[in-house]
Structures are given as C-alpha cells and as structure tokens.
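The values are calculated or read from the model by the stated rules, or taken from the named source; none is laboratory data. Computed from a predicted structure; not experimentally measured. Here Cβ is always computed from backbone atoms with ideal geometry, including for glycine, and neighbour counts include all displayed protein chains.
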Amino acid sequence: MSYFSNQSNSRFLANSSGNNSSAASTTSNATSSSLPSNNDSAATKPRQPSSKLFSTSIYSPQPLKGHFITPSGVHPLKNTWIFWFRQQRTPGNKIVSYEEGIKKISAFASVESFWTLWTHLVPPSALLPTTDYLLFHTGIRRPIWEDPLNINGGKWIIRLKKGVADRLWENLVLAVVGDQFDECRQPEDGNPVTDGESSGEPNENDSVWPEICGCTISVRQSEDIVTLWNRVDADKKVRERIRDTIRKVLDLPASTIMEYKSNNDSMHDRSSFRNSAIDRTPLP
C-alpha cells in the first residue's frame, strides 16, 4: 500500500487512526488538555520516549548570556526550542494572513520539559485542514521565510498521505531537538557564520545557532506535508547530508520522493510548496 501522497511507499502505519475528536480552532486548543493539577498529576504521566533519537540530546552547556538555565537534576538540551501553532481561519472563519495566524505555544529547553509539553499536544491526525505545527529554535524570531536566520536557507519537503503523519512527525521532532543533524555540517565545509563570540541574542551572524532552524507539519485536506528547514541553501553538500540524515532517522524507503525549495524562491512565489525541486539523486 502507498502511504506517501506522491506515490512513494512507507513502512509506517497510522499512529492515531482512532483519534477523530474535534480539532483545535485556536492556539489554546492546540493542547489536548491543560496541564494536570496537583490532584491528578499522579494519574497523568508523560508518555515515555518512543525513539532513541534523544540519546545525543543530553548536554552540559557552557553558560551563554541570555540562554535558558535549567534547574539542578534536569537534562538540558543543546538549544532552546519553541512550538508554534498556525491556523488559516479564525474561530469566526475569517481567513487571516500567514504571520497573523502564527501563535506561540510554549518553549522548552530540557528533555523533561519537552515530554511534558509533547504529551499535551493534539497529534496532527486530529487537527483540522490548513493547520500547521512549527518547531524552531530561539534564534528564529518568527518562523517565517524572512527571518534573518531563515532568509538564506531552504527546506526539505516530504508529502504524506492522510493518516500516517503522527509517527513521522514525532520522529522528526525528536531528531531535531536530539541533535541528530549536527554532523551534517562538517569541519571541511567551513562555517557560514564566523562573527565570533555569541551574545546569546538572535543574530543572523552568530555562530552559536545550528544549521537546522526547525521543522513543520502542515495538515491539508488531501495530504500532510512535513518540512525540515536549514540555514544555508547555497551549500549543496550540507543539503545532501541533511537529506540523507532525514532518510536515516525516519527510516524512509528508497522510493520516497523528496523535494527541496529555497526560502528565497518561496518569497518570490509566496508559496512554501509550489514549484519545489524534486530530488532525483540515485540512492547508493
């Protein structure tokens, strides 16, 4: 059976086929429930990690000005990340612009805070069409093409048939926050940003930020689309390593069709997914 909307195949089965509850219509509805109170916290436990992709995310950071400081006993991530939520229509069914529709859900900087948040997020399979989840590190001021750290980059795109996105999205998120793409930029490639010491503030010329900016899932009427955003569109070798790492961490079959589009092209045609370039590199 074909699970990819571009007719490629997947070994993944739907992760939430029975989840047909009404989807979120506002930012607050992006969570399946509010955080538990003291009375029911013992009964509501965050689910355990379903992937080993967190194995490299335990990090002992050097203090950076302006960065999140985790309490003792918490396992900090290398970067602080923010979940965003976007819905094209407001509760009154008024169509809003892309940036107007983006709402911040919450930030997290540790393994524990990630799972606390993730447990309460509605899965993609339960969201209404034309709804997006966006995950970007704190160097990104707003998750849009024009952001200083996004403007020279681009995104890998995978189109999925309906009903199979939940596990792929979870594994991609775990790979991103678990630093599975860190080796995609190797020492011989050089560093695209070399302005020296970090101030800890979002800066397009600041080498503290990773090559991977973030990832998104876009729930549409006939398909779901996952993307992985990187900083430097011009570096073909790095793009190819990112593509190969996506295939590895998501365990994609050889027939999976992947697309790439620069953010500059998106700004010109005002579209994230139209006119993207299909990757035709033969697999080894």
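Annotations
- Of the candidates S222, S218, the single residue that is at pLDDT 90 or above, within 30 Å of Q87 (Cα to Cα), among the polar types (S, T, N, Q) and surrounded by fewer than 20 Cβ atoms within 10 Å (Cβ to Cβ) is S222.
- Only listed residue being farther than 27 Å from S72 by Cα and at pLDDT below 95, chosen from D147, D189, D166: D189
- Filter pass, E204 being touching a Pro at 6+ places or on another chain (Cβ under 8 Å) and modelled with pLDDT under 75: yes
- Any chance S255 is touching a helix residue (DSSP H, G or I) at 6+ places or on another chain (Cβ under 6 Å), part of a loop (DSSP other than H, G, I, E, B) and closer than 26 Å to G163 by Cα: no
- Flag if F114 is assigned to a strand (DSSP E or B), within 30 Å of G163 (Cα to Cα), within 16 Å of the chain's Cα centre (by Cα) and at pLDDT 95 or above: no
- Of the residues T70, T80, T90, T130, the single one that is buried (at least 17 other Cβ atoms within 10 Å of the Cβ), modelled with pLDDT under 95 and hydroxyl-bearing (S, T, Y) is T70.
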